[in-house]
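Everything below concerns the one structure shown next.
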Amino acid sequence: MRLLGIAGSLRRGSYNRGLLEAARLLMPPSMAVEVFELDDIPLYHADYDVDGLRPFEVERFKTAITDADALLIATPEYNNSIPGVLPNAIDWASRPALRSPLAGKPVAIMGASDDLAGTARAQQQLTLVLMSTLAIVMPHGGMLVPQSQLKFDEHGTLTDDRTRAFLTRFLQDFEQWIVRQLPVAARR
């Protein structure tokens with residue numbers, strides 16, 4: 001099962017990049033994740049969202065989404081919301097409407113933050129954005145990593161045993177949920 005991992009932070013040492021790396025190490029053997037870097041995705045510009053003018057990195061992103069069985073998004077929370085890089089990338093990927101590579105694509109959302117609430121608000125908002133693209137978002141209470149500074153070491157490695165165990169269960173749930181969704185996704 002091929003997953004496309006997306007970190008909603010551009011910062012190299014972000015906890016959400018560390019969370020994706022932890023997921024890569026803890027996921028069931030039937031799953032593999034390839035992380036796509038959003039650094040080179042330009043701001044959405046409809047004048048360039050046409051064949052022949054669409055930026056190369058956008059085309060590469062859309063192809064990566066198409067080729068993946070599912071998406072695994074790790075989002076931080078900035079100002080009680082989604083970091084701008086995520087909805088921008090989703091804007092590019094969501095067009096043309098109804099023929100978007102996001103339509104029918106299974107997605108799981110997780111996130112890490114220094115905050116006590118983790119990324120609960122960002123995850124709720126990201127769910128709404130993804131649902132508007134016809135992506136199929138896994139219903140889950142949330143893979144939240146609050147107080148991340150206490151759960152990751154100085155190298156960005158997730159070291160907290162309880163969080164690692166919860167992430168392992170979350171990924172097992174995601175695997176089982178994807179298997180149930182793929183026939184639905186294939187019909188779209």
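Things to note:
- Helix axis angle, 120-132 relative to the chain longest principal axis, alpha carbon, degrees: 20
- With contacts taken as Cα pairs under 8 Å at a separation of at least 6 residues, the chain carries a relative contact order of 25 percent.
- Each peptide among 12-25, 134-147, 157-170, 37-50 gets the average number of other Cβ atoms lying within 10 Å of its residues, and from highest to lowest they stand as 12-25, 134-147, 157-170, 37-50.
- Taking a Cβ cut-off of under 10 Å around Met143, the surrounding Lys, Arg, Asp and Glu residues balance to a net charge of 0, with basic ones at +1 and acidic ones at -1.
- Ranking Met131, Met27, Met1 from most to least accessible surface, computed with a 1.4 Å probe over the protein chains only, gives Met131, Met1, Met27.
- Here, segment 1-48 yields an orientationally averaged convex hull projection of 4.2 nm² when only Cα atoms define the hull.
- The 3J(HN,Hα) values that the Karplus relation (6.51, -1.76, 1.60; θ = phi - 60°) gives for segment 71-83 are, in residue order, 10, 10, 10, 10, 10, x, 10, 10, 6, 6, 8, 7, x Hz. Gly and Pro appear as x.
- Crossing angle, helix 56-67 versus the chain [Cα axis fit, 0-90 degrees, rounded to tens]: 70
- Treating each Cα of segment 67-188 as one equal point scatterer and applying the Debye formula with no solvent, the log10 of I(q)/I(0) at q = 0.19, 0.20 Å⁻¹ comes out as -1.06, -1.14.
- The Cβ shell under 14 Å around Glu34 holds other residues with a net charge of 0, Lys and Arg each +1, Asp and Glu each -1.
- Less than 5 angstrom separates the built amide H of Met143 from those of Gly111, all sequence-distant by 5 or more or on a different chain.
The values are calculated or read from the model by the stated rules, or taken from the named source; none is laboratory data. Given the structure is predicted, the values throughout are model-derived calculations rather than measurements. All Cβ positions, glycine included, derive from the backbone under ideal geometry; neighbour counts span all protein chains shown. Accessible surface areas use protein heavy atoms only, side chains included; no ligands, DNA or RNA. Shrake-Rupley method; radii C 1.70, N 1.55, O 1.52, S 1.80 Å.
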